[in-house]
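Worksheet: one structure, shown below.
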Amino acid sequence: MRKFLILVGIVVLHVDNNRVQGSQDIMKDLTIQFGKALSTCKKELDLPDTIMADFKNFWNDGYELSNRFTGCAIMCLSSKLDLLDPEGKLHHGNAQEFAMKHGADATMAKQLTDLIHNCEKSITPTEDDCINVLEVAKCFKAEIHKLNWAPNMDLIVGELLAEA
């Protein structure tokens, strides 16, 4: 019986680790797809080079997002990917479709959009849409870290450089 319980424990840990690793891989793919238009948004909005540090370090635990222009860039990227409704809020259907197109199953896609929606509701809105988006991004990042889904930024940067 003791051997059986140990075996069950090992299987559960293995399955849980695979689920987390799978979620991290999906988040890596979503981040890469999301960031592909960054240079276009940077050019269109005449954003400073300083935003690149925020994107390079976005998922790094402990890295604090504070650049207003990063919020502007995220808003531009979201718009280009048709992830926003006319009011500038997350379009749930389009966001779930985007997540599923890049590897998430329906459950994970819904969980991701729910996280963003809850983050949108949790912030104190300001007159500055870029700051609002930055605050939502900070909340979303924290929630993804709580789930242990944050992807490895070195892998993301490497893949983006390989595609360039």
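Just so you know, all these numbers are worked out from the coordinates, no wet-lab data involved. If you're wondering where the values come from, they're calculated on a predicted model, not measured in any experiment. Quick reminder, even Gly has a Cβ in these numbers, built from the backbone with ideal geometry, and neighbours come from all protein chains shown.
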- prompt: In percent, how large is the relative contact order of region 22-162, given Cα pairs closer than 8 Å and 6 or more residues apart?
  reply: 38 percent
- request: Hey, can you grab everything whose amide H is under 5 Å from the amide H of Leu45? Only 5+ residues off in sequence or another chain; H modelled, so Pro and N-termini drop out.
  value: none
message: Could you tell me the extents of region 22-162's C-alpha atoms along the three principal axes, largest first, rounded to whole Å?
response: 35, 34, 27
message: Could you give each residue of region 56-62 its phi-based ³J(HN,Hα) in whole Hz, using Karplus coefficients 6.51, -1.76, 1.60 with θ = phi - 60°, and x for Gly or Pro?
response: 5, 9, 3, 8, 5, 4, x
field: Ordering of 118-127, 72-81 by burial proxy (mean other Cβ atoms within 10 Å per residue, highest first)
entry: 72-81, 118-127
